[in-house]
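Okay, structure first, notes after.
The values are calculated or read from the model by the stated rules, or taken from the named source; none is laboratory data. Quick caveat, the model's predicted, so the values are computed rather than measured. Using ideal geometry, Cβ is built from the backbone for each residue, glycine included, and neighbour counts are taken over all protein chains shown. SASA here: full protein model, heavy atoms, side chains in, ligands and nucleic acids out. Shrake-Rupley method; radii C 1.70, N 1.55, O 1.52, S 1.80 Å.
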Amino acid sequence: TEACRSHVALWQAWALMEAELGNVKQAREIFQQGIWDSGGSEKAHMIWQAWGLLEAKCGDMALARRYLRQAVDSASRPAGSYIAWSRLEEQEGDIAVARSLFEAAVEAEPFNNGLWKAFETFEKRVSGDGSERVAELFERRVVAEMR
């Protein structure tokens, strides 16, 4: 990291490797150093997102949500962070929050086709394949694509 202290992906990968090896305390320290050294980089959201998901895995949902909020707020294109956060809320059983996060994501990135597909997949899982919500999302996606 001395050669390129602001390389966000390097910090993220290193921290995730430490977490995978069971060194969660070390992973947290690396995430923190990566945030400090990123210098407000547009890519810092990748660290916040990964750190949030680590905290969720460790059972600290309040901290996970705080870091995922930071990821969304620091990204110019936040769809990936919104999707990760929404999936986390779905796993926690809070479908309404998961849905509202998807709604915020499509508001932020209305032309992101992958995001619309992820939202449709979510709705198929929670509402059923032939539900009105799924049909409505498909229509909204088509309208967004036509703009």
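Return yes when Arg140 is in a helix (DSSP H, G or I), open to solvent by 80 Å² or more (accessible area, probe 1.4 Å) and not hydrophobic (A, V, I, L, M, F, W, C) and no when it is not. So Arg140 fails the test. What residue, among those in region 3-19 that are aliphatic (A, V, I, L, M) and open to solvent by 70 Å² or more (accessible area, probe 1.4 Å), is farthest from Leu63 (Cα to Cα)? Here the residue is Ala3. Restricting region 58-90 to residues that are over 10 Å from the mean Cα position of the chain (by Cα) and under 22 Å from Val134 (Cα atoms) leaves a set whose member that is most open to solvent (accessible area, probe 1.4 Å) is Glu90. Residue selection: Ile95 satisfies the criterion of being modelled with pLDDT of 95 or more, of a type outside the set (Lys, Arg) and more than 30 Å from Gly40 (Cα to Cα). For Ala135, the conditions (1) more than 21 Å from Ala84 (Cα to Cα); (2) outside any helix (DSSP H, G or I) are fulfilled apart from (2). Number of residues in region 81-104 that are in contact with a helix residue (DSSP H, G or I) (Cβ under 8 Å, 6 or more places away or on another chain) and either in a loop (DSSP other than H, G, I, E, B) or in the same structural domain as Val8 (by the TED database) (or both): the value is 1. Restricting the first member to region 91-109 and to residues that are open to solvent by 60 Å² or more (accessible area, probe 1.4 Å), and the second to residues that are of a type in the set (Phe, Trp, Tyr) and assigned to a loop (DSSP other than H, G, I, E, B), no beta-carbon pair is closer than 6 Å while six or more apart or on different chains. Filtered by the rule that a residue be open to solvent by less than 40 Å² (accessible area, probe 1.4 Å) and not small (Gly, Ala, Ser), region 110-137 gives Pro110, Asn112, Leu115, Trp116, Phe119, Glu120, Phe122, Glu123, Val134, Leu137. For residues that are of a type in the set (Phe, Trp, Tyr) and open to solvent by 30 Å² or more (accessible area, probe 1.4 Å), scanning just region 20-57, find the one that is modelled with the lowest pLDDT. So, considering only residues that are of a type in the set (Phe, Trp, Tyr) and open to solvent by 30 Å² or more (accessible area, probe 1.4 Å), the one modelled with the lowest pLDDT is Trp36.
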